[in-house]
Amino acid sequence: MITLLSETIAGLFIPPFRQKEFVHQLYFVANRSLLIIVFCVCFAAVVTILESSFHMKMVIQNDSMVPGFAALLILRELGALVTALLLCSRVGAGYASEVGSMQITEQVDALRMLGIDPVNYLVVPRFLACVVGGMILTIIANMACIFSAMIVSQSYLGYTPSMFLTSMHRFVQFKDIIFATIKGASFGGVIPLVACYFGFRCQQGAEGVGRATTNTVVVASIAIIVIDFILSYTFSYLY
């Protein structure tokens, strides 16, 4: 994995640069995943508002801090993490099965015989696409979450959009958006590395491809959660 990471980072600065493949993968990562991510994060935001209101009313008999607290939780954790886990299950599984199938059908060896570096051809465009796509999708997911939370706050809690934004302004800072974008890029970079790692190590047969796909989703999900803890712990010193 360390070798693959180092070769991928080096491939970002060593030609040839495969712009067409990058655009194709970015379309697959960002555009094809947009609807399912927005759909899921909106419901996650609704649950966050409802649960926060219920528990605050139970503990302090007041839910006036719910809009600001929910907006802070959405921007710092919910949007980026849910987006990354959904990308992991969709994009990561797809990449693992694709690269694994190329490995067992000796297409990767054919690339080497043609003098084409498999890491530069397969991993680097996917890595760049997932980093950029993770950033874009995290920003869109956070906007969708905030909008959903605002609608639910108005219909369920009775807070107007202006009251929601005022409460949000007390809790949220601009650097929360920056940190969320950094998380989205970091999570996105993990997915193709893990997927291609298991894809290159795929064993023969359908069972080998299935095992590579399963390992990718499990390991990438664990890695995302661990990296989320590390980044959150690090960012806590910057407030």
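Quick notes
- Being among the polar types (S, T, N, Q), within 19 Å of the chain's Cα centre (by Cα) and open to solvent by 50 Å² or more (accessible area, probe 1.4 Å) is a description that applies to Asn31.
- Residues of segment 111-127 that turn out to be farther than 22 Å from His24 by Cα and aliphatic (A, V, I, L, M), as a count: 2
- The residue list Phe28, Phe39, Phe54 contains one member that is outside any loop (DSSP other than H, G, I, E, B), among the aromatic types (Phe, Trp, Tyr) and in contact (Cβ under 8 Å) with a residue 60 or more places away in the chain, which is Phe28.
- Residues that are in a helix (DSSP H, G or I) and open to solvent by 20 Å² or more (accessible area, probe 1.4 Å), drawn from segment 164-179: Leu165, Thr166, Met168, His169, Arg170, Phe171, Phe174, Lys175, Ile177, Ile178, Phe179
- All conditions in (1) among the small types (Gly, Ala, Ser); (2) open to solvent by less than 10 Å² (accessible area, probe 1.4 Å); (3) modelled with pLDDT under 90 hold for Gly100, with the sole exception of (3).
- Among all residues of segment 12-19, there is none that is loosely packed, with under 12 Cβ neighbours inside 10 Å and closer than 24 Å to Ala141 by Cα.
- Total residues in segment 180-218, condition more than 17 Å from Arg90 (Cα to Cα), buried (at least 21 other Cβ atoms within 10 Å of the Cβ) and not small (Gly, Ala, Ser): 2
- Of the residues making up segment 54-82, those that are farther than 20 Å from Tyr233 by Cα and surrounded by 20 or more Cβ atoms within 10 Å (Cβ to Cβ) are Asp63, Val66, Pro67.
- Arg112 passes every criterion in (1) touching a Pro at 6+ places or on another chain (Cβ under 9 Å); (2) surrounded by 17 or more Cβ atoms within 10 Å (Cβ to Cβ) apart from (2).
The values are calculated or read from the model by the stated rules, or taken from the named source; none is laboratory data. None of these values were measured; they are calculated from a predicted model. Positions of Cβ are generated from backbone atoms using ideal geometry, with glycine treated the same way; all protein chains shown enter the neighbour counts. Calculation scope for accessible area: heavy atoms of the full protein, side chains included, ligands and nucleic acids excluded. Shrake-Rupley method; radii C 1.70, N 1.55, O 1.52, S 1.80 Å.
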